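Beneath this line is the structure, given in structure tokens, with notes to follow.
The values are calculated or read from the model by the stated rules, or taken from the named source; none is laboratory data. Predicted model only: the values in this text are computed from it and were never measured. Please note: Cβ atoms are built from the backbone with ideal geometry, for glycine as well, and neighbour counts cover all protein chains shown.
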Amino acid sequence: MNTKIALNTKTVLNTKEIFAAPDGAVYEVQIARGDKLNALTDAMYGSLIEQLKYAEASEDIKVIFLRSDNKHFCAGNDLADFLETEFNQASNVVQFLVTMARLTKPIVCAVGGAAVGIGATMLLHCDLVYACDDTKFSVPFIKLGLTPEGGSSKLLAQRCGPAKANDWLFTGRTFLAQEASDAGLVNGTFADTETTWSEARKIAQNLAKNSSRVLKETKALLKADQIENVVELMKKEAVIFAEGLATEESKAAFKAFLNR
Ligand code: COA
């Protein structure tokens with residue numbers, strides 16, 4: 001079967017809040033909901049999945065570059081959406097994370113401003129991550145009556161060590177780009193948003209100078225044996241997460257934020 005997708009189909013995939021375009025062999029995907037700090041809704045996860053699957057299937061694309069179109073990267077799941085949308089293992093948010101985890105092509109990510117909740121945990125599925133110095137990270141699930149998601153219950157400790165993972169997940173505190181970099185959550189930091197985007201883009205373009213074969217084989221050697229375990233873990237996390245979402249504790253935390 002010919003898996004090549006005509007590049008002109010990309011316009012069909014673009015929405016106001018999630019859009020993408022190829023830049024040579026790099027597929028640049030942007031989150032564009034600056035008024036809500038790029039908090040992600042069920043529909044936005046659906047669009048992200050489509051864009052990622054398009055990039056994965058296209059023979060013209062070697063590398064994916066993910067960023068936002070404004071100073072914030074992502075303030076996590078939209079908390080109003082959590083109150084309105086049913087959540088389970090089949091939800092777009094879980095499928096988005098599974099899609100990220102199963103990508104065979106490298107994904108480079110540039111972050112800044114808020115990188116909260118899934119805005120931080122999705123980075124665990126990226127191959128290279130660059131952060132603006134102003135980035136404020138947090139995995140504040142515990143403060144919302146929720147539990148770790150996106151594989152973070154294991155992947156965060158794997159990447160940054162158990163001491164950091166326990167600290168960040170048990171306190172839900174905010175930490176800055178320098179701490180994230182020192183702990184290995186990000187590969188490097190830059191002084192401002194524009195530089196972060198342009199340097200990360202350069203890195204993605206340099207990666208794309210390699211053959212598709214060598215990029216895929218390298219990623220497979222680094223990750224492939226863990227992928228299905230990570231997917232299973234994320235499904236388990238999603239069951240516990242769904243139980244949390246159904247509690248009054250969690251709903252009250254969302255309402256408190258939304259009614260500030
Ligand atoms: N869901 C829905 N709306 C969100 C949001 C989210 N996760 N994060 C931010 N927003 C909205 C705010 O409601 C506000 O909308 P409004 O202008 O219509 O009132 C807008 O984005 C700006 O956010 P604000 O809180 O005013 O910005 P801030 O700079 O003071 O604070 C944060 C930044 C990231 C600390 C704060 O927005 C926050 O804590 N957000 C929630 C993060 C979260 O808990 N995510 C879910 C994790 S599971």
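Descriptive notes on the structure:
- Matching residues in the stretch 90-118 - criterion: being within 16 Å of the ligand (Cβ to nearest atom) and more than 29 Å from A191 (Cβ to Cβ): S91, N92, V93, V94, F96, L97
- Boolean, K255 is of a type outside the set (D, E) and more than 30 Å from P22 (Cα to Cα): yes
Per-residue answers, yes or no, for (1) within 26 Å of L146 (Cβ to Cβ); (2) acidic (D, E):
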{"site": "V26", "(1), (2)": "no, no"}
{"site": "K36", "(1), (2)": "yes, no"}
{"site": "T41", "(1), (2)": "yes, no"}
{"site": "E50", "(1), (2)": "no, yes"}
{"site": "E56", "(1), (2)": "no, yes"}
{"site": "F73", "(1), (2)": "yes, no"}
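- Of residues in the stretch 29-53 being under 21 Å from K219 (Cα atoms) and surrounded by fewer than 21 Cβ atoms within 10 Å (Cβ to Cβ), the one nearest to the ligand (Cβ to nearest atom): I49
- Pairs, first under 17 Å from I203 (Cβ atoms) in the stretch 110-129, second near the ligand (Cβ under 8 Å from one of its atoms), C-beta under 9 Å, six or more apart: V111/H72; V111/G119; G112/H72
- Among the residues of the stretch 235-260, those that are in contact (Cβ under 8 Å) with a residue 24 or more places away in the chain and touching a Ser or Thr at 6+ places or on another chain (Cβ under 9 Å) comprise E237, A238, I240, F241, A242, G244.
- Some residue of the stretch 207-221 being within 16 Å of the ligand (Cβ to nearest atom), touching a residue at least 12 places away in the same chain (Cβ under 8 Å), surrounded by 16 or more Cβ atoms within 10 Å (Cβ to Cβ) and among the hydroxyl-bearing types (S, T, Y): no
- Flag if L83 is at pLDDT 95 or above, buried (at least 22 other Cβ atoms within 10 Å of the Cβ), within 16 Å of the ligand (Cβ to nearest atom) and in a helix (DSSP H, G or I): no
- Positions within the stretch 138-190 being in a loop (DSSP other than H, G, I, E, B), closer than 15 Å to M122 by Cα, of a type in the set (G, A, S) and free of Cβ contacts under 8 Å to residues at least 60 places away in the same chain, in sequence order: G184
One line per residue, one yes/no per condition, for (1) over 28 Å from I61 (Cβ atoms); (2) at pLDDT below 95:
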| residue | (1), (2) |
| --- | --- |
| Q89 | yes, yes |
| M100 | no, no |
| I107 | no, no |
| I118 | no, no |
| L124 | no, no |
| L128 | no, no |
| C132 | no, no |
| I142 | yes, no |
| R159 | no, no |
